[in-house]
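Reading through the C-alpha cells given below for one structure.
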Amino acid sequence: MGAVSLKIGDGTARFKRASLCSSAVNLLMLFSVITTNLFALYAFTYHPTKILHHYNHNPKNISLVSEKVTLILGEIESSQKKLFQMEKELLGYESIDLSRPNIANELKQFLNHHPLPLGKDSRTGITEMVASVGHSCVKSMDLLTQFMTYKVNGLCPDDWSLGQKLILQGCEPLPRRRCFGKTIPKIGLHPFPNSLWKNVSEKIYSWSGLGCKNLACLNSKKLNRDCAGCFDIVHGYETLKYVKARSKNDFLIDDVLSMGSGGIRIGFDIGGGSGSFAARMAERNVTVVTATLNVDAPFNEFIAARGLFPLYLSLDHRFPFHDNVFDLVHVSNGLDVGGRPEKLEFLMFDLDRVIRAGGLLWLDNFYCSSDDKKRALTRLIERFGYKKLKWLVGEKLNGAGKSEVYLSAVLQKPVRV
C-alpha cells in the first residue's frame, strides 16, 4: 500500500511497500479483530423481543441495553483506531493531518490517496497513487495553504517567490497545482548559438518579488560570491570567464576537458549563476544542466533565454538524476552549506552518486573562510578516493583589499568494486 511519507530520512513523500511484521504484531492485530467481531456479534444477537416482553415489568432494561450497546460501539470504534494506527506503523509512514483547520481544499485533493483503477500493480505491489511532497511542508502549513489557495482552472497567483520561500524552508518538492502559470511573451529570442552571448529584451523576465527590475541594477550588485556582474554577457568579465584566467586559481575550460577519461559529453553545474559555464561548454558540444534558484535575480529565465537548460532546484533536494550519468560536475561556492559538516557530507555523496566512474569533479574557486574549513573539506574529499588531477590553494584580494584563500581542484572519480 502506498502512502505519503514525512520521514526526515529521505525528505520526500514516496511509495513504500508494506514489510513483513513480527509475530507479536500479527497476534495483536488478530486479537483486536476477534475482539471487535465478538463485540459486534453480541450487539446484533441480543434478543429485542425479550426486552419488549419484560418492558412493563422492568422499564430500566431498555436503558441498560442502550448503555451496553453504546459501550460496544465505543469499543468497536476504539479497535478500529488501533487497527488504523497499527497499519500506519506496519507501512512505515506518517501522513499530513488533513483534518487540521483552514487547510486549502486543493491541498487535500492533491494529498488524498487514489486507488489504482485496475487494483494492485503486479510489478511494484503498489495499490494506491500517492502524492509526493517534502516532509518539512508540515512545518509551514500556513504558507503551504496560501500557496494552494487559488481558482481551479484559472490563472495562478503571481506567487513564485512564495513557492521559493517554501522550498528554502525544506518544503520540496512543492505540491502540484491545477492553475495556469503566468505567461510572458518571449519576444526577440536569438537563435542558438548566437543566443549564448547576446542580450534580449528585459521584458521577457519576471521581476515580481525582486529588488532589481532591470539587468543594469543586477550588474551593479554582488548577488553572491560567484555572481558579481554576471548578467553582463556582452561587455563584462563573463565574456572571458573560463577562457582567460585572472588568477592562478582560474582553470581554463579546455585544460579541464583534456583531462576527461573517455571524453566529456554531458555535465552538471551547481549554482551556475547566469549560465556562462554551460555556455562555454555548449560551444564545445557539451550539454550542461545548470541548477539554480531565483534568489535576488531571474537566474532561470536568463539561462533559458541563452538557449541553455536551467534546473530550479535547491541543494537540499536529492539530485533528480540516475546514478553514474555525468561526465563532469562543476561546483564552486554552491558547495558551501552553511558550515554544517553533515549537510556537506550528504551533498558530496549525492554528487559522487551522479558522476560516472572516471568522470570529473571540478571544484572551482571554493572560498575557504578558515584553515579548519579547508582541512575539513580536504579530509572529506580524500575519503572518496578521488584522484587529484589538479589541486591548487591560492589567495586573492577581495573588494576591501583583504586576502582570501580559495581552493580549486579537478578530481577524478575512481572505479569501485
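The values are calculated or read from the model by the stated rules, or taken from the named source; none is laboratory data. The shown structure was predicted, so the numbers you read here are calculated from the model rather than taken from an experiment. Note: ideal-geometry Cβ built from the backbone for every residue, glycine included; neighbour counts use all protein chains shown.
Entry remark, the stretch 149-188: residues being hydrophobic (A, V, I, L, M, F, W, C), modelled with pLDDT of 95 or more and assigned to a loop (DSSP other than H, G, I, E, B) number 3 in total. Would it be correct to say that G273 is surrounded by fewer than 17 Cβ atoms within 10 Å (Cβ to Cβ) and not in a helix (DSSP H, G or I)? No; evaluated as a whole, the condition is false for this residue.
Take K203 and decide whether it is among the basic types (K, R), in the same structural domain as F251 (by TED's automatic domain parsing), surrounded by fewer than 14 Cβ atoms within 10 Å (Cβ to Cβ) and in a loop (DSSP other than H, G, I, E, B). No. Each residue in the stretch 334-349 was checked for being among the acidic types (D, E) and either crowded, with 20+ Cβ neighbours inside 10 Å or in contact (Cβ under 8 Å) with a residue 24 or more places away in the chain (or both), and 2 of them qualify. State yes or no: is S261 surrounded by fewer than 20 Cβ atoms within 10 Å (Cβ to Cβ), over 22 Å from Y367 (Cβ atoms), more than 20 Å from the chain's Cα centre (by Cα) and at pLDDT below 95? Against the criterion (surrounded by fewer than 20 Cβ atoms within 10 Å (Cβ to Cβ), over 22 Å from Y367 (Cβ atoms), more than 20 Å from the chain's Cα centre (by Cα) and at pLDDT below 95), S261 qualifies.
Output the number of residues of the stretch 166-197 satisfying the condition of being within 26 Å of R280 (Cβ to Cβ) and surrounded by 15 or more Cβ atoms within 10 Å (Cβ to Cβ). Adding up the residues that qualify gives 5. For the stretch 285-301, taking the residues that are polar (S, T, N, Q) and over 13 Å from G272 (Cα atoms), the one that is surrounded by the fewest Cβ atoms within 10 Å (Cβ to Cβ) is identified as N285. Going by the conditions given, is G211 within 27 Å of L315 (Cβ to Cβ), surrounded by fewer than 13 Cβ atoms within 10 Å (Cβ to Cβ) and within 29 Å of the chain's Cα centre (by Cα)? Criteria met by G211.
Within the stretch 309-333, being farther than 14 Å from L168 by Cβ and in contact (Cβ under 8 Å) with a residue 40 or more places away in the chain holds for R318, F319, F321, V325, F326, D327, L328, V329, H330, V331, S332, N333. Filtering the stretch 396-417 to residues that are closer than 19 Å to W362 by Cα and either touching a Leu at 6+ places or on another chain (Cβ under 6 Å) or surrounded by fewer than 12 Cβ atoms within 10 Å (Cβ to Cβ) (or both) leaves S408, A409, V410, L411, Q412, V415.
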